[in-house]
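The values are calculated or read from the model by the stated rules, or taken from the named source; none is laboratory data. Because the structure is predicted, anything quoted here is derived from the model rather than measured. Note: ideal-geometry Cβ built from the backbone for every residue, glycine included; neighbour counts use all protein chains shown. Only protein heavy atoms, including side chains, enter the accessible area calculation; ligands, DNA and RNA are left aside. Shrake-Rupley method; radii C 1.70, N 1.55, O 1.52, S 1.80 Å.
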Amino acid sequence: MFPMAARKVATAFLLLSCFLGGQAFAVLPDEVLKDPVLEARARVISQDLRCLVCQNQAIDDSGAPLARDLRIIVRERLTKGDSNEQVVQYLVARYGNYVLLKPPFQADTLLLWIGPGIFLLLAAGTAAFYFRPRNMKAEAPASALDETEQSQLAELVKDI
Amino acid sequence: MSAEIGHFALILALLVSLVQASLPLWGAVRGDRGFMALASHCAVGVFVFVAFSFAALTYSFAISDFSVRLVVSSSQLAKPFIYKLTGVWANHEGSMLLWVLILTLFGASIAVFGRNLPAPLKARALAVQAMIASGFLAFILGTSNPFARLDDVPLDGQGMNPILQDPGLVLHPPFLYLGYVGFSVAFSFAVAALIEGRVDATWARWVRPWVLAAWCFLTIGITLGSFWAYYILGWGGWWFWDPVENVSFMPWLAGTALLHSAMVVERRHALVNWTILLAILTFSLSLIGTFVVRSGVLTSVHAFATDPARGVFILALLVLATGGALILYAIRVPALKFGAPFAPVSREGGLILNNILLVAAAATVFLGTFYPLFIDLIGRDKISVGPPFYARTFIPIMIPLMVAMVVGPALKWKRDTLRERLSGFRLSLAAALLGAILVLAFTLGTHLLTALGIGLSLWIITGSLLVVASRIKLGRTSAANSFQLLRQAPRSFYGLVVAHMGFGFVVGAITTVSTWQQENILTMLPGETTTIAGYSVNLRDVKTVTGPNYDAERGTFDISRNGALVTTLQPERRFYPVQQQQTTQTGIRTNLISNIYVTLGEQDGQGRWTVRLYYHPLAPWLWLGGVTMALGGFISLSDRRFRIGAPQRAKSLVATPPAEQGAVA
Amino acid sequence: MKRASSLIPVAVFAVLAGAMGLGLTHNPRELPSMLADRPTPVFSLPPLLPAMAGLQSQDLSKGDVVLLNVFASWCGGCRYEHPMLMRLAADKRWKLVGINWKDAPGKGAQWINDYGNPYKLLGDDSSGRTGIDLGVTGVPETFVIDRGGRVRYRHAGPLTPEVWAKDIEPVIAQIEERS
């Protein structure tokens, strides 16, 4: 009984740790390459390539004929010995940057990539400005409630 | 006849709405109770007319009245009855009517439930609500009339996109609209406060329940949308960072920030200017969403009615509403003086951090969604911004939020010390680290992000439980006393804990599914067996079946484990002859811990069928987590302190009527 | 200072609204061709019809203005634009050539026999690779190629008189001017 359980756990371990990750929802059985390393590379590349005739899908996820063609091209180029970068460039040469789901890092996308960092800094900066040292006593809330009502309000709104 | 009545009701609604948008404002300035009260009556009236109109349209669909153009384009005789009804909003005109129905429903709700609101604020808020309603009613009547008739009545309709003939369509749009149209209330109240020139101490108190309600609905709406995509699209994906998904996600992010900053306004009368701005921005994001979905400006899986002419109208409404509100903000805000000071390490500070991160996150999603448009306009390059972008920018912003959200609720107001607070979370930190280390061990050190995700998820979940433990002084006092403290804790406290835990579930589920899902893609002959994730899958047969308006090939798969049958799944490939469209019906088996997902592909001409099998561990918690978050929100909503209309039920405090009434000059 | 900073939201919104307004005039699905002002890649397609020659990339730079039309028998838009192509074929100002894209064997030839052949040269791209090299995403597509063999314009979708007058005619006029 114990060895059975141990075997189950081991299998689970193996299944979990062997899985390389990545999703290929539309890949057909006849497209899958024999070489698992190349196939894995194909999947990784395909996930970042846009299906041009769909609306917002990777070629890996699309059932469209053109997506299939592109998947096959990716695998062909890999089999011919191209590096990942070369495979991607092959398609960019034909279809432009539109085919990349990860926008390229170039002059006109600089703002896109550093934008989020800028937003964070701006927001943090605004907050820091808010926290700048001030005379704590001088600023009393301009409220329409008088003291009694304020304490009543405080009672009502005790612990949120 | 019913279509004409429906049309007429809509016109009446517009007229009453215009009255609601004008006279009460004048009444508020003059202190005229009659005109102010008119707002409430109008609000209810507008809702009744729009509801009537909606009922008339639904009736036309129910009886398949093909003299109405919309029924022809969105329905057909063979459709199951329930989908005839939901077909009402499966198109642009009908869904716009649903949008306005919900907008006016909220207006009427303010009128009915806001009994203890100060009259001028209520009148102004309803007036603003009516301005928005008038704009959209005019839009519908002018460009998107659902009641247009056809001269030649066809014998049958052209049906509807078969993907929409699904239970998801029954629920997803209504909840989504309840959510993002619900934020109109916060908008209206914010603009009303700006018009008034002041923000009462209790303004946030009035507004917060509405924000919370809208937030709950939007959370459910987005969760439903994701789940629907998962089972109907056949790819096993559940979020694509598609522009239309993003435009529902942005109001959610901003709305979450609003929910939290409103707490600071309510408790400490601080962050008022910011909260007003956020209230305007949240609903503006909803309006932008409406614009994007219906104008064809961005490509998306959802593409509704891509009509630039309609786009112009909505853009005009957007400019008037948001532009107007922001101009008013610029004018009035310098005059609003507020700010009870507090130290950076405090509950307020934590909530500010929450806001910073959520707003930066929303801005990031906005940037990614609209950048292709900007680049196209200036550089003539066409680019795509897909999941890889968001993974590298959105996730890093959310990580500090996930860390802080555990400690934040435990911080004291005004001033606190971090060291003291953090020491209370040692157990959570231990759990998180343990989880992360285990993951690293299992994956032989390869999956760092997974370890981080699991660690954060455990941090949030255990941290939320520790907050409860600390409040009931677990271990530091008697069990009976702890139990008493547990029962006495206000519902909003439970709401917070449940909602935060729900988020923790979602984070854990996302991490787990993304890392450890398994697939098996192959061709099978009926009778063959294969495996997935330790389950044995046997394709019993593939049969042709006929549905009410489709033909399908249905595969029967027996799933077993250790020789015992676990379940039988029957995925289909359906062909709808009227639309000449094919859909995939997936077979999903869930035990609420993981999903087995099966789709049937094409036959290769030699009897072998393409079969795709997936195993999605913890996937159900993607959506159960979302539901949990919404549940937390609803629990908070049920807190009696939100039912402001009953101060006399509270402990002997409020002998005097609320000071706001009569304080207006 | 406070007054100025409170104007920032309106200002940002104004820019956004402007961009969205302009965006309404653009078609987000329109892809500019990567071949603009460049020669086509080298290709050599076998003949679709036994009596005619196939299509090679050299045929595109023989000194004529070339209209390269990509079509398929399974494409409804191609059927729609076919009469227009027959009219264009007669015009001596340009040479109309065709590529049959991703068609099953015999289907393309059958289609041409049924409806008529407007093409001076016609290549068979059953695998679709040449189309992909040209950046084709669907059919029909038409390329305008100048006398030096450079691609000057690519139209995706059926050719209609409106499209011709608005988009293609001006390009051809430009080519004529230069030469």
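Distance between the modelled labels on residue B:470 and residue A:105, one decimal in nanometres: 3.9 nm (7 Å Cα→Cβ projection).
Computed from backbone phi, the HN-Hα couplings of the range A:29-42 come to x, 6, 8, 4, 6, 5, 7, x, 5, 5, 4, 5, 4, 4 Hz, rounded to whole numbers (Karplus: 6.51 cos²θ - 1.76 cosθ + 1.60, θ = phi - 60°; Gly and Pro given as x). Taking a sphere under 12 Å around the Cβ of residue C:139 and counting the other residues whose Cβ falls inside, with K and R at +1 and D and E at -1, yields a net charge of -2. Inter-part distance, the range B:133-156 to the range B:1-58, computed on C-alpha centroids, equals 19 Å. Rounded to the nearest 100, the interface formed by chains B and C buries 2200 square angstrom of accessible surface, both chains summed, with a 1.4 Å probe. Shape class for chain B, computed from the alpha carbon gyration tensor (a ≥ b ≥ c): oblate, with a/c not under 1.5 and a/b at or below b/c.
Taking every DSSP beta bridge that has both ends in chain C, the antiparallel portion is near 60%. In this simple spin-label model, placing a label point 7 Å from the Cα along the Cα-to-Cβ direction at both residue B:441 and residue A:121 gives a separation of 4.2 nm.
Phi angles of the range C:55-71 translate, via the Karplus equation with coefficients 6.51, -1.76, 1.60 and θ = phi - 60°, into HN-Hα couplings of 10, 10, 5, 4, 4, 8, 10, 9, x, 9, 7, 10, 9, 9, 10, 9, 9 Hz per residue; Gly and Pro are given as x. A Förster distance of 45 Å, applied to the separation of the beta-carbon atoms of residue B:433 and residue A:86, puts the FRET efficiency at 0.60. As a ratio to 2.2 N^0.38 Å, the alpha-carbon radius of gyration computed for the range B:59-212 takes the value 1.27.
Residue B:348 sits among other residues whose Cβ lies under 13 Å from its own Cβ, and their net charge, with Lys and Arg +1 and Asp and Glu -1, is +4.
Using only Cα atoms and rounding to the nearest 10 degrees, what angle (0 to 90) does helix C:169-178 make with the longest principal axis of chain C? Value to nearest ten degrees: 80. Only helical runs count toward this figure. For chain C, summing -39,500 (n - 2.57) over DSSP H runs of n ≥ 4 and dividing by all residues gives -9500 deg cm²/dmol at 222 nm. Let me make sure I get this right: for the protein assembly as shown, a, b and c are the square roots of the gyration tensor eigenvalues over alpha carbons, sorted descending. Under 1.5 in a/c it's rounded, otherwise prolate if a/b > b/c, else oblate. Which is it? Note, shape of the protein assembly as shown comes out prolate.
Computed from the Cβ-Cβ distance with R0 of 41 Å, the FRET efficiency linking residue B:420 to residue C:8 stands at 0.60. Solvent exposure of the range C:82-152 amounts to 38 Å² per residue of accessible area, where only protein heavy atoms count and the probe is 1.4 Å. Counts of other chain beta carbons within 10 angstrom of each beta carbon in peptide A:49-61 average 5.
For the pair the range B:578-609 / the range B:233-282, the C-alpha centres are spaced 36 Å from each other.
Placing a pseudo-label 7 Å from each Cα along the Cα-to-Cβ vector at residue C:113 and residue C:167 gives an inter-label distance of 3.3 nm. Basic side chains Lys and Arg get +1 at the Cβ, acidic Asp and Glu get -1 at the Cβ, and with that the dipole of the protein assembly as shown about its Cα centre reaches some 3280 debye.
Heavy-atom accessible area buried between chains A and B is around 6300 Å² (1.4 Å probe, both sides summed). Estimated from helices alone, the mean residue ellipticity of chain B at 222 nm is -20500 deg cm²/dmol (sum of -39500 (n - 2.57) over DSSP H runs with n ≥ 4, per residue). Relative to the longest principal axis of the Cα atoms of chain C, the long axis of helix C:76-90 lies at roughly 70 degrees.
DSSP beta bridges confined to the protein assembly as shown are antiparallel in about 85 percent of cases. What does the charge add up to near residue C:81, with Lys and Arg as +1, Asp and Glu as -1, over the other residues with Cβ less than 13 Å from its Cβ? Local charge sum for residue C:81: 0.
Using the Cβ-Cβ distance between residue C:104 and residue B:63 with R0 set to 45 Å, the FRET efficiency from 1/(1 + (r/R0)^6) comes to roughly 0.45.
Distances between placed amide hydrogens fall under 5 Å for residue C:96 paired with C:67, C:120, all partners being 5 or more residues away or on another chain.
Close amide H partners of residue B:528, meaning residues 5 or more places away or on another chain with modelled amide H under 5 Å apart, are B:539.
Multiplying the residue separation of residue B:561 and residue B:316 by 0.36 nm and removing their Cα-Cα distance gives an extension gain of 82.2 nm. Once backbone amide H atoms are built at 1.01 Å from N, residue A:58 has A:51 as its partners under 5 Å, excluding neighbours fewer than 5 places away on the same chain. Taken one residue at a time, the phi angles of the range A:71-82 give Karplus couplings (6.51, -1.76, 1.60, θ = phi - 60°) of 4, 5, 4, 4, 5, 4, 5, 5, 5, 6, x, 5 Hz. Gly and Pro are set to x.
For the range B:181-315, just say rounded, prolate or oblate: build the C-alpha gyration tensor, square-root its eigenvalues into a ≥ b ≥ c, call rounded for a/c under 1.5, and beyond that prolate if a/b exceeds b/c, oblate if not. Verdict is oblate for the range B:181-315.
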